[in-house]
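Read the structure below first, then the notes.
The values are calculated or read from the model by the stated rules, or taken from the named source; none is laboratory data. All figures in this text were calculated on a predicted structure; none of them were measured in a lab. Cβ sites come from the backbone with ideal geometry, for glycine too, and all protein chains shown count toward neighbours. With ligands, DNA and RNA removed, areas are computed over all heavy atoms of the protein, side chains included. Shrake-Rupley method; radii C 1.70, N 1.55, O 1.52, S 1.80 Å.
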Amino acid sequence: MRIGFIGLGNMGLPMAANLARAGQKLIVYDLNRKVVDKFVEEFGASPANGLESVAENADIVITIVPTGKDVRRIVMGQDGEPGLAGSMAKGKLLLDMSSSDPTGTVALAKELAERGIAMVDAPVSGGVRRATDGSLAIMVGGGKGDVDRCRALLDIMGGQIFDCGPVGSGHAMKALNNMLSAVGLAAAGEALIIGKQFGLDPAVMVDTINRSTGRNNATEVKFHQFVLSGAYNAGFTNGLMLKDLTTAQDLARATGVSAPFTALIREVYAAALAQYGPASDHTEVVRWQLESSKVKLGKK
Ligand code: NAD
């Protein structure tokens, strides 16, 4: 079986590398030809000249690109460019591991099903670190038989696979997870700023929180590493975070749920993005909080 892999970015590159190391035969594609050439040189995969060759040569095609709109463009084509679907034979499967919006995923899966092509959504959590060590949490949506076809691949890339329900469920789960993750980071930033102004040492605060009930993923794996260090290079951009928060807010609206946390946290990240741009790191939301309150987290 050959696997098409589209999107060799911060996440896709280490995920594809793990598949290649595990002996999977990959045909890889990215808009950025340089990353394709580098990957092929290092891992011996086949390079694809375009989407058509991925569609024709792969049994399962994995996408991990920025947005659901990018996935739609890749699959259905746009502006006269053909997409994968035009050359994918019946019985093949699209495995979208991007954090796409669930409504778009449900629509795309329906269009593909009409052509006899299956779709599974399997977005991931754990960042570049867990993409690299193959321990991602993977949130899966799709029919059981279709998910079973992907399971061996998911097991290589992930540490835990969660069956969330029908197609689109993984994408809904992911947007809601990221809403919580965004809250955890910004709420901890706020706590550190208040503590610093009172006279607490931010590094001691993070250590204390991490052995106390206020800890969260950001306090455990982001504050010392990317915030207090001043590195702000976790590898997940503010543009992508804002996309996920918009998806969470759209989900709240579509389901008729009043969601004040979601609305507020989206505004906070939107303000950080307005300040530093979409390519800034999501951890720079704390930099924005610091600058807005004219506080520095350096030691007293
Ligand atoms: P990235 O921007 O680093 O990489 C995206 C890659 O996709 C790039 O190499 C780009 O050239 C390629 N690409 C874009 N459009 C394309 C197209 N039409 N055809 C072919 N290639 C195309 O993004 P990333 O950080 O790797 O994130 C990818 C997805 O994973 C996003 O949906 C993101 O929300 C999600 N995600 C990211 C992280 C993280 O920590 N970075 C964690 C979990 C989930």
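Sequentially through the range 117-133, phi angles give Karplus couplings (6.51, -1.76, 1.60; θ = phi - 60°) of 10, 8, 9, 10, 9, 8, x, 10, 9, x, x, 4, 4, 7, 5, 6, 8 Hz, Gly and Pro residues having no value and appearing as x.
In the frame of its principal axes, the range 119-227 has Cα extents of 57, 24, 20 Å, reported largest first. Here the range 37-110 yields Rg over Rh of 0.98, to two decimals, using C-alpha coordinates and the Kirkwood radius.
With only the Cα atoms considered, the range 2-166 has a convex hull volume of 98 Å³ per residue.
The charge dipole of the range 200-300, taken about the Cα centre with unit charges on the Cβ atoms of Lys, Arg (+1) and Asp, Glu (-1), comes to about 220 debye, rounded to the nearest 20.
When the chain is described by a simple charge dipole with +1 on each Lys and Arg Cβ and -1 on each Asp and Glu Cβ, the residue from Ala109, Val54, Pro123 located farthest towards its positive end is Pro123.
Among Asp250, Asp30, Asp148, which one shows the biggest mean-square fluctuation in a GNM of the chain, springs joining Cα atoms closer than 10 Å? Among Asp250, Asp30, Asp148, the largest GNM mean-square fluctuation belongs to Asp148. Where the centroid of each part is defined by its Cα atoms, how far is the range 195-247 from the range 89-157 in Å? Going from one Cα centre to the other spans 29 Å. What the Cβ-Cβ distance of Asp201 and Glu291 gives, at R0 = 22 Å and to the nearest 0.05, is a FRET efficiency of 0.60. Computed on the range 2-166, with alpha-carbon pairs under 8 angstrom and 6+ residues apart, the relative contact order is 19 percent. As a length-normalised measure over Cα pairs under 8 Å and 6 or more apart, the relative contact order of the range 118-180 settles at 39 percent. Using a simple spin-label model with pseudo-atoms 7 Å out from Cα toward Cβ, Leu264 and Ser87 lie 5.1 nm apart. Placing pseudo-labels 7 Å out from each Cα toward the beta carbon at Asp79 and His224 gives an inter-label distance of 4.7 nm.
The rule of thumb for compact globular proteins, 2.2 N^0.38 Å, goes into the C-alpha radius of gyration of the chain 1.05 times. Each of Asn177, Met139, Ala152 was placed along the dipole of the chain (beta-carbon charges, centred on the mean Cα), and the one lying farthest toward the positive end is Asn177. Rounded to the nearest 20 debye, the dipole magnitude of the range 2-166 is 180 debye, with +1 charges on Lys and Arg beta carbons, -1 on Asp and Glu beta carbons, and the Cα centre as origin.
With contacts taken as Cα pairs under 8 Å at a separation of at least 6 residues, the chain carries a relative contact order of 13 percent. Restricting the calculation to Cα atoms, every distinct pair contributes to the Kirkwood radius of the range 160-207, found to be 13.0 Å. A quarter of the convex hull surface defined by the alpha-carbon atoms of the range 173-293 gives 7.4 nm² as the mean projection. Counting only protein heavy atoms and a probe of 1.4 Å, the accessible surface of the chain is 55% carbon and sulfur. Charging the Cβ of each Asp and Glu at -1 and of each Lys and Arg at +1, and nothing else, the dipole of the chain about its Cα centre rounds to 580 debye.
For Asn57 and Gln275, the FRET efficiency from 1/(1 + (r/R0)^6), where r spans their Cβ atoms and R0 equals 51 Å, is about 0.70.
For the range 219-272, the direction-averaged projected area of the alpha-carbon convex hull comes to 4.3 nm². Here the chain carries DSSP beta bridges of which approximately 15% are antiparallel, counting only pairs with both residues inside.
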